[in-house]
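The values are calculated or read from the model by the stated rules, or taken from the named source; none is laboratory data. A quick note: this is a predicted structure, and the numbers were derived from the prediction, not measured. Note that we place each Cβ from the backbone using ideal geometry, even for glycine, and neighbour counts take in every protein chain shown. Heads up: the accessible areas ignore ligands, DNA and RNA and are worked out on the full protein's heavy atoms, side chains in. Shrake-Rupley method; radii C 1.70, N 1.55, O 1.52, S 1.80 Å.
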Amino acid sequence: MMGLNLSTADVTALEARTEGWIAGLQLAAISMQGRTDISSFIKAFTGSHIFVAEYLIEEVLNRQANEVQSFLLQTSILERLNASLCEAVTEHEDGQAVLDALRRLNLFVIPLDDEGQWFRYHRLFADLLQARLGRPRRGNR
């Protein structure tokens, strides 16, 4: 729709970076307009990209209660999340309840098992949270 001439490899890489998140794909497409080196842009596209960061901060993070924001930021250092790890990091005893609430609210928490015990954050969301902490982003996954 935006007249971007993407190779199959670029489309595959972009889908992997955004994990199919439609708004992320749209933000990436807007950002790609007028660029000549699309492949390099896609490789560098993270949750701290200005359009993605602004969207996630304004539409997701800032709409959460302070306690939830704190939980998200503190636990963003974890590659994988479960209740006990979250409780150890946050020093609160409600890790499973918070994870369940985040999943129900569809807040960029991806279940890793069928029992609802292990989760991870959407890659772009994790990138943003870690950038907010001032931590270096994780490498490409």
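Here the stretch 89-141 is the region considered, the condition is being of a type in the set (G, A, S) and in a loop (DSSP other than H, G, I, E, B), and the residue that is modelled with the lowest pLDDT is G139.
If you take the residues in the stretch 66-88 that are among the hydrophobic types (A, V, I, L, M, F, W, C) and part of a helix (DSSP H, G or I), which one is farthest from L105 (Cα to Cα)? The qualifying residue farthest from L105 (Cα to Cα) is A88. Consider the stretch 77-129 and keep the residues that are charged (D, E, K, R) and in contact (Cβ under 8 Å) with a residue 24 or more places away in the chain. The one that is least open to solvent (accessible area, probe 1.4 Å) is D127. Within the stretch 56-65, the set of residues being under 22 Å from D127 (Cβ atoms) and without any contact (Cβ under 8 Å) to a residue 24 or more places away in the chain comprises E58, E59, N62, R63. Within the stretch 18-42, the set of residues being at pLDDT 80 or above, assigned to a helix (DSSP H, G or I) and open to solvent by 40 Å² or more (accessible area, probe 1.4 Å) comprises S39, S40.
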